[in-house]
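Comments concern the structure below.
The values are calculated or read from the model by the stated rules, or taken from the named source; none is laboratory data. Here the structure is a predicted model, which means the values were calculated and not measured. Ideal geometry is used to build each Cβ from the backbone, glycine not excepted, and the neighbour counts take in all protein chains shown.
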Amino acid sequence: MKNAKIAEIFETIAGLLEMKGEKIFTVRAYQRAARTIERLPVELDQLVAANADLREIPGIGKAISEKIVEMVGTSQLRYYDSLRAEFPEGILELMHVPGLGPKLTMRAWKELGVTNLDQLESSIHEGTLESLPRMGKKAAENILRHIRFARSEASRIPIARAMPVTETLIADLRAKCASIKTLLAGGSLRRFEETVGDIDLICTSTEPNEVLNALVDMPAVVEVLGHGDTKASVILEDGIQVDLRVVDESHLGALLVYFTGNKQHNIQLRDHANKLGLSINEYGITEIETGEVEEYGDEESLYRRLGLQFIPVELRQGVWEIDAAREASLPDLVTEKDLRGDLHLHTDWSDGRDPLELMVAAARDRGLEYFAITDHSVGRGIANGLSPERIRSQNAELRRIADTMDGPRVLLGTEMDIRADGSLDFPDEVLADLDWVVASVHSAMDQDSVTITERIIKAMRNPHVSAIGHPSTRRIGERQPIDADFEALFRAAADTGTAMEINSNPERMDLKDTHVYRARELGVPLVIDTDAHTVEAMENVRYGVAIARRGWCAPRHIINTMPSAEFMAYLGLPKQDRVWALSENAQPGSH
DNA sequence: GCCGTTTTCGGCCCGACTGTTTTCAGTCG
């Protein structure tokens, strides 16, 4: 059984226990375990097979580790089965209706016999739901509106969709409200999660009401969920929820901390503060004994007050970053300005939009020291892939442009298909003339795990294949990743000296963060590319950098942070020796 | 259920908002 399934079962157990009225701390323990397992960089079944002690994982103790072992060994969990048997089928979808929590769900079931969405809807129309204690007409009507939401299985929004909406929203609010000092996205968007549940906006202003009113009055708002003195929640016409929180400038640091970390991070941070005799809220830190309140205008000083290193936003996931910050062992994460090259770019020779000259000029203007033009290979007929003849004429053209240009080093490259049988789209003699070869899977993505894993490893064994492009081939919210054994891929990549790409396209974000984390631990050479098909798409590098940071990568883990001369020397080495060259100064951390 | 430079037992994050109530329970993030 895989981590995702195990996490889902613990999440369900938490929900059922909550309805049952179990101690809230037991519920939270299961929730915490679910979150941790979701983000674990290794599969639990492999840990169990290796006889590892699962209780070393934070939030996992005796009871939960025993349940994991049972699930891995027998593909089921007796405790879970018997717990589910106590509830009618479909009751969980009731609890997931916004506004219906565990208490109301239980009362609706026990007192009204409501066990699914249809019956809930009828009970509201018939007026029975509002007869429950502490319910009323208005509360019932609110729930009715939210049933529609629950039915549509309100899925999380890909960051590629949420980011432009947010940027427009911020620009609009700024234009309307002169009182705004700071306005930026918090929450999962600021942490660069691949999907977001809603858009959290953090604001400081001398006139909170001006900003809150401006949000609820925006034409794109179809529903106001809440509107108070410091916060407002709305739903936009495209179904995205926006939460806005406004405080005074003097509280900005505390608000940023409060509104950026995920739930687990915030809980652990406040727990850590409590042990120091301090209490954190969105306005500052309170000395519990004296009641004295300290204000924080920036995040750095707040973390410092807690005896912690500053924790970069991408790491605030409630895993082990607070422990690392206490020991001052957080890595010095890679930044956008550490990157000196982009090794995956397309032009209108294949399926890019812009001509070679424009892409080359844009790469130069971005200050890159080196870059590779990597149009598709002939097998991508639909993408106008290049034949060996065309790739030769493109390279002649590229050399001509490079000669007239002062500055960056231009690498001759390709993004070549790995065919279904693991053979490559170009013969070795064509590849031998190229400086940089990205090999990618673009077809037969539904092969079984063994087949597709061997297929990619076979490509890695070719001495000319420099990197594997967008290794999982997923498109967030649209296409599932291939069913490869990534642990095996990473070991093969480290073994053969093949780089694994961190593709910055926000629809891909591939490798993803937890894979990057594991690949780094195994000493895999990593390369951050944009895979830009237009000049503008080179901006996407920020997404790639964010994934690397979420995988705890320092510059030394990313090969295109090397200066040009060093990078060319690296490429000049036989592949096997490249790993060695990188790992010489690489010290993959214990975390 | 987990966990320990205050604990192997007794704690466990914190506040805003709503709709129902006349002081607060439930939900949410």
> Taking the range A:144-175 only, how many residues are touching a strand residue (DSSP E or B) at 6+ places or on another chain (Cβ under 9 Å), within 16 Å of DNA strand B (Cβ to nearest atom) and of a type in the set (Val, Ile, Thr)?
Replying inline: 2
> Taking the range A:210-229, which residues are more than 8 Å from DNA strand B (Cβ to nearest atom), part of a strand (DSSP E or B) and touching a helix residue (DSSP H, G or I) at 6+ places or on another chain (Cβ under 8 Å)?
Replying inline: A:Val221, A:Glu223
>> I'd like the residue in the range A:70-97 that is surrounded by 13 or more Cβ atoms within 10 Å (Cβ to Cβ) and of a type in the set (Val, Ile, Thr) and, out of all such residues, is nearest to DNA strand B (Cβ to nearest atom).
In response: A:Val97
> (1) outside the structural domain of A:Pro164 (by TED's automatic domain parsing); (2) closer than 30 Å to A:Arg156 by Cα; (3) surrounded by fewer than 22 Cβ atoms within 10 Å (Cβ to Cβ); (4) within 15 Å of DNA strand B (Cβ to nearest atom): which one isn't true of A:Glu292, the others all being true?
Replying inline: (2)
> Is it the case that the range A:422-438 has a residue that's within 18 Å of A:Phe567 (Cβ to Cβ), among the hydrophobic types (A, V, I, L, M, F, W, C), assigned to a loop (DSSP other than H, G, I, E, B) and in contact with a helix residue (DSSP H, G or I) (Cβ under 6 Å, 6 or more places away or on another chain)?
Replying inline: no
> Within the set of pairs 6+ apart or on separate chains, which have a first residue in the range A:78-99 that is touching a residue at least 60 places away in the same chain (Cβ under 8 Å), a second that is within 13 Å of DNA strand B (Cβ to nearest atom) and among the basic types (Lys, Arg), and C-beta atoms under 7 Å apart?
Replying inline: A:Tyr79/A:Lys67
> Which residues, counting only those in the range A:295-312, are more than 18 Å from A:Arg191 (Cα to Cα) and more than 16 Å from DNA strand B (Cβ to nearest atom)?
Replying inline: A:Gly297, A:Ser301, A:Arg304
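Go through A:Ile64, A:Ile13, A:Ile37 for me and flag whichever is surrounded by 14 or more Cβ atoms within 10 Å (Cβ to Cβ) and within 7 Å of DNA strand B (Cβ to nearest atom).
Just one listed residue meets the conditions, A:Ile64.
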>> Among the listed residues A:Ala273, A:Ala232, A:Ala254, identify the single one that is within 25 Å of the chain's Cα centre (by Cα), modelled with pLDDT of 90 or more, crowded, with 20+ Cβ neighbours inside 10 Å and within 11 Å of DNA strand B (Cβ to nearest atom).
In response: A:Ala254
>> Within the range A:49-113, considering only helices (runs of 4 or more DSSP H) that don't extend past its boundaries, which have at least 2 residues that are within 28 Å of A:Gly318 (Cα to Cα) and modelled with pLDDT under 90?
In response: A:91-95
> Got a sec? Which helices (runs of 4 or more DSSP H) wholly within the range A:445-541 have at least 3 residues that are assigned by TED's automatic domain parsing to the domain that holds A:Ala554 and of a type in the set (Gly, Ala, Ser)?
Replying inline: A:486-496
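For every residue, the table says whether it meets (1) farther than 19 Å from A:Ser82 by Cβ; (2) touching a residue at least 40 places away in the same chain (Cβ under 8 Å).
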site: A:Glu8; (1), (2): no, no
site: A:Glu11; (1), (2): no, no
site: A:Ala14; (1), (2): no, no
site: A:Leu17; (1), (2): no, yes
site: A:Lys20; (1), (2): no, yes
site: A:Lys23; (1), (2): no, no
site: A:Gln46; (1), (2): yes, yes
site: A:Glu66; (1), (2): no, no
>> A:Gly113 - would you say it is more than 25 Å from A:Val222 (Cβ to Cβ) and outside the structural domain of A:Val234 (by TED's automatic domain parsing)?
In response: yes
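Taking A:Ser279 as the residue in question, decide whether it is small (Gly, Ala, Ser), more than 7 Å from DNA strand B (Cβ to nearest atom) and either surrounded by fewer than 20 Cβ atoms within 10 Å (Cβ to Cβ) or in the same structural domain as A:Gly318 (by TED's automatic domain parsing) (or both).
In short, no.
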>> Scan the range A:135-143 and tell me whether some residue there is surrounded by 11 or more Cβ atoms within 10 Å (Cβ to Cβ), within 30 Å of A:Arg190 (Cβ to Cβ) and out of contact with any helix residue (DSSP H, G or I) (no Cβ under 9 Å at 6 or more places or on another chain).
In response: yes
